[in-house]
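> Below is the structure I would like to discuss, written out as structure tokens.
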Amino acid sequence: MKLIDVVELKSGTPQFRLVETSDPEAPVYCFYGQQEPEADLSGKKRDVNCAKKARTYDAVEVLSVGDLVFSLMSGKATLVGECHEGYLLTQNFVKLDPSPMIDAWYLVYLLNEHKGVRRQLALGQQGSFTMKYTVRQLANLLLPDLPSRTTQEVIGGLYFNINRVTALRCDVAEKEKLVVMGRIKEAH
């Protein structure tokens, strides 16, 4: 079965088509960039100040908590966290709306970790100068046979939890390093 058989795909808003305005009444949108998915995948809260904003009256694709997004730049998927609600989805991302037959976190696991799926994504990149994935390539990914919904939920939950634990361990290691480096400086 292909990915398109179990999800609906929606491309992000092209940034170059946005008509920005200086009108203070116009809505302001933060762009969902390449750092936001990493924070969402690890479950980390990020600083609420976004790197890039746009003020526009244009109709744009905005994100909601729990939306499944795939980065066409990195080839990684995640579910949108609370701190990125209302962010503008750009053309560098695709929103995937899974059907009831596939769990969203399990699909994130498949897209990010399954060897067969990753191999298909990698094969599509050979010979490319831009190293950007395409919506067509994503839609045509062949998925392995799906386990029961309960098994999908368990695998997806474990995948989210291990990403969260790994991020927390990295934070602890970084803080320990800062403490040790501070003590080394004090000793000199």
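> Here is a list of conditions, (1) of a type outside the set (V, I, T); (2) in contact (Cβ under 8 Å) with a residue 40 or more places away in the chain; (3) closer than 18 Å to D67 by Cβ, and L110 meets all of them except one; can you say which number that is?
(2)
> Still on this structure: When you check G86 against the structure, is it in contact (Cβ under 8 Å) with a residue 40 or more places away in the chain and not charged (D, E, K, R), yes or no?
So G86 passes the test.
> Still on this structure, please answer the following. Name the single residue that is modelled with the lowest pLDDT among those in the range 108-151 being part of a loop (DSSP other than H, G, I, E, B), among the hydrophobic types (A, V, I, L, M, F, W, C) and surrounded by fewer than 15 Cβ atoms within 10 Å (Cβ to Cβ).
F129
> For the range 26-46, how many residues are in contact (Cβ under 8 Å) with a residue 60 or more places away in the chain, open to solvent by 20 Å² or more (accessible area, probe 1.4 Å) and at negative phi? I'd like the intermediate steps shown before the answer.
If we filter the range 26-46 for residues that are in contact (Cβ under 8 Å) with a residue 60 or more places away in the chain, which is where we start, we get 32, 41-44.
Subsequent filtering for residues that are open to solvent by 20 Å² or more (accessible area, probe 1.4 Å) retains 41, 43-44.
So of that shortlist, the ones also at negative phi come out as 41, 44.
Qualifying residue count, the range 26-46: 2.
> Provide a single number: the residues in the range 152-170 that are in contact (Cβ under 8 Å) with a residue 40 or more places away in the chain and open to solvent by less than 70 Å² (accessible area, probe 1.4 Å).
9
> Within the range 69-93, take every residue that is open to solvent by less than 30 Å² (accessible area, probe 1.4 Å) and touching a Lys or Arg at 6+ places or on another chain (Cβ under 7 Å) and give me the one that is nearest to A39 (Cα to Cα). Spell out how you get there, then give the answer.
First, pick out the residues of the range 69-93 that are open to solvent by less than 30 Å² (accessible area, probe 1.4 Å): 69-72, 75, 77-81, 84, 87-90, 93.
Filter once more, keeping what is touching a Lys or Arg at 6+ places or on another chain (Cβ under 7 Å): 69, 72, 89.
Details: V69: 13, L72: 17, L89: 16 Å.
The qualifying residue nearest to A39 (Cα to Cα) is V69.
> Just to be sure, is M1 aliphatic (A, V, I, L, M), open to solvent by 80 Å² or more (accessible area, probe 1.4 Å) and farther than 21 Å from E153 by Cβ?
no
The values are calculated or read from the model by the stated rules, or taken from the named source; none is laboratory data. Everything quoted here is computed from the prediction, not taken from an experiment. When we count neighbours, we look across all protein chains shown, and the Cβ atoms used for this are built from the backbone with ideal geometry, even at glycine. For accessibility, only protein heavy atoms count, side chains too; no ligands or nucleic acids. Shrake-Rupley method; radii C 1.70, N 1.55, O 1.52, S 1.80 Å.
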